[in-house]
Amino acid sequence: MDCIFCRIAAGSLPATRILETDDVVAFRDLNPRAPTHVLVIPRLHRASLDALGADEAHLAGALLLATAEVARLEGVADSGYRVVANTGEEGGQTVDHLHFHVLGGRPLGWPPG
Ligand code: 5GP
Ligand code: ZN
């Protein structure tokens, strides 16, 4: 298994886990860009949002609901936060396993650079 996020999901690579369900794992980003910076991933390997199948609405929903739950657990739901899925080369994706960033705990500029 050479995908680092598959290894984190399987538990063979350490990460600080925030939330786990049958479908989804959330853990702290190794290089946080905000006081709260958590990654939410499917346990199943999907390379990006673009690789999610049309028949995988349940998984897509589980991922999105988990981002909102992470924000509540991290205490940023009231102050506000951002959910980002960098996708592909120009989208700035560096790890080819679908993940949503949950960022919060400080004012976030818009648009991103
Ligand atoms: P992307 O650039 O693909 O949108 O986001 C990948 C994120 O994964 C980056 O924010 C990076 O800091 C994080 N990351 C890369 N390798 C690891 C790792 O081994 N553990 C954790 N917890 N985060 C990682
Ligand atoms: Zn993977």
Are there any pairs with C-beta distances below 6 angstrom linking a residue in region 84-103 that is touching a residue at least 60 places away in the same chain (Cβ under 8 Å) to a residue that is in a loop (DSSP other than H, G, I, E, B), with the two at least 6 apart or on different chains, and if so which? D96/A47; H97/C3; H97/H45; F100/A85; L103/A34
Checked pairs for region 7-35, first within 14 Å of ligand 2 (Cβ to nearest atom), second assigned to a loop (DSSP other than H, G, I, E, B) and of a type in the set (G, A, S), C-beta under 8 Å and 6 or more apart or across chains, list as I8/A15; F27/A15
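Per-residue answers, yes or no, for (1) under 14 Å from A34 (Cβ atoms); (2) charged (D, E, K, R); (3) within 15 Å of ligand 1 (Cβ to nearest atom):
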| residue | (1), (2), (3) |
| --- | --- |
| A54 | no, no, no |
| L64 | no, no, no |
| A68 | no, no, no |
| R72 | no, yes, no |
| V76 | yes, no, no |
| T87 | no, no, yes |
| L103 | yes, no, yes |
| R106 | yes, yes, no |
| P112 | yes, no, yes |
Is region 20-29 home to any residue that is loosely packed, with under 12 Cβ neighbours inside 10 Å and out of contact with any Cys (no Cβ under 7 Å at 6 or more places or on another chain)? yes
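Taking the condition among the polar types (S, T, N, Q) and within 15 Å of ligand 2 (Cβ to nearest atom), does S48 pass?
Yes: the conditions hold for S48.
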Given (1) over 19 Å from C3 (Cα atoms); (2) within 16 Å of ligand 2 (Cβ to nearest atom); (3) in contact (Cβ under 8 Å) with a residue 40 or more places away in the chain, E56 misses just (3)
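Kindly provide the set of residues from region 8-35 that are in a helix (DSSP H, G or I) and more than 8 Å from ligand 1 (Cβ to nearest atom), ordered by number.
A9, A10
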Could you list, in sequence order, the residues of region 30-57 that are surrounded by 17 or more Cβ atoms within 10 Å (Cβ to Cβ), under 22 Å from E74 (Cβ atoms) and of a type in the set (A, V, I, L, M, F, W, C)? A34, V38, L39, V40, I41
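Values quoted throughout were computed directly from the atomic coordinates according to the rules given, and no laboratory measurement underlies them. Just so it is clear, the model here is predicted, and its values are computed rather than measured. In this analysis, Cβ positions are derived from the backbone assuming ideal geometry, glycine residues included, and neighbour counts consider all displayed protein chains.
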